[in-house]
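Worksheet: one structure, shown below.
Please treat every number below as a calculation from the coordinates, not as lab data. For clarity, every value in this text was computed on a predicted model and none was experimentally measured. As a convention, Cβ positions derive from the backbone with ideal geometry for all residues, glycine included, and neighbour counts pool all protein chains shown.
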Amino acid sequence: MRKAARIVNTTRMDMYALAALRLLVEWGADEALDGEPRDRLAPDAAAAQMRPPGPAPLPRSAPGGPLTPLAERAQAAAASAQDLAQLRMAITGFEGIGLRDTATGPVLFEGAAGAELLVVGPPPSAEDDRSGRPLTGAPGAFLDAMLASIGLSRERLLLAPLIPWRPPGDRPPSPTELAACLPFLHRLVVLCHPRLALLLGPLAARALIGGGRKPPRGRFTAAPVPGRDTPLPCLTIASPAQLRADPDLRRATWAELRMLRRHLSESITQS
């Protein structure tokens, strides 16, 4: 009986370990940090003694601050694109970022190259990842209804996800991943010359505008874009996913959409 109980307990431990390993893979873990297994629940003092000294972490990218080697390569790849076709090729061929290995493929920008309005959405969703198109599924349909309410359609706009690849499990992108993806979005702005940008959600606002944790709402804010002579005026609103989950946000968002419409020319009015 004791032997059978030990076998059952061992089997349960193996099942728990396998479930934990699957969760780590879904979260994007693709390598071990140590050569040998280690109890990471051990007291801090013991863990500090067991952990060998390692190299200092790479600096995060920030406006005017140092760039990681990966971000430098992304910046060079984006800057080499002289038109939208070359920019698509630069994104598709960019290697070295882990997101590229876990996503089905890149989710590229789409829409009218000469549009006055650029819509920057959240990182790609599972539906976006499968289709290769930004802002699809139920959030995309909700966005279409939002645009239609002020006389706009996505066919006459330029749409782009904040980053081209879906993070595993829809987790937020890390600062290193953002730093490696933003040069492609900045280059899109330089090549297409949009007059205004609509940022969907706080993550897109913090990445493009910077500043504090809470992005500005109800007003246009200038976002510095490398390679562009003047900052890009940006209006931040709640994302379609946020609006679908919290109807209380819709009144303020409706006022912001009307403000956006007043700032746009009649040339992109839906026919």
Rg/Rh ratio calculated on Cα atoms of region 69-268 (Kirkwood radius)
0.93
Can you pull the Rg over Rh of region 152-238, Cα-only, Kirkwood?
0.94
Order these peptides, 248-257, 98-107, by their mean beta-carbon neighbour count within 10 angstrom, highest first.
98-107, 248-257
Sorted by packing (mean other beta-carbon atoms within 10 Å per residue), highest first, where do 139-149, 156-166 land?
156-166, 139-149
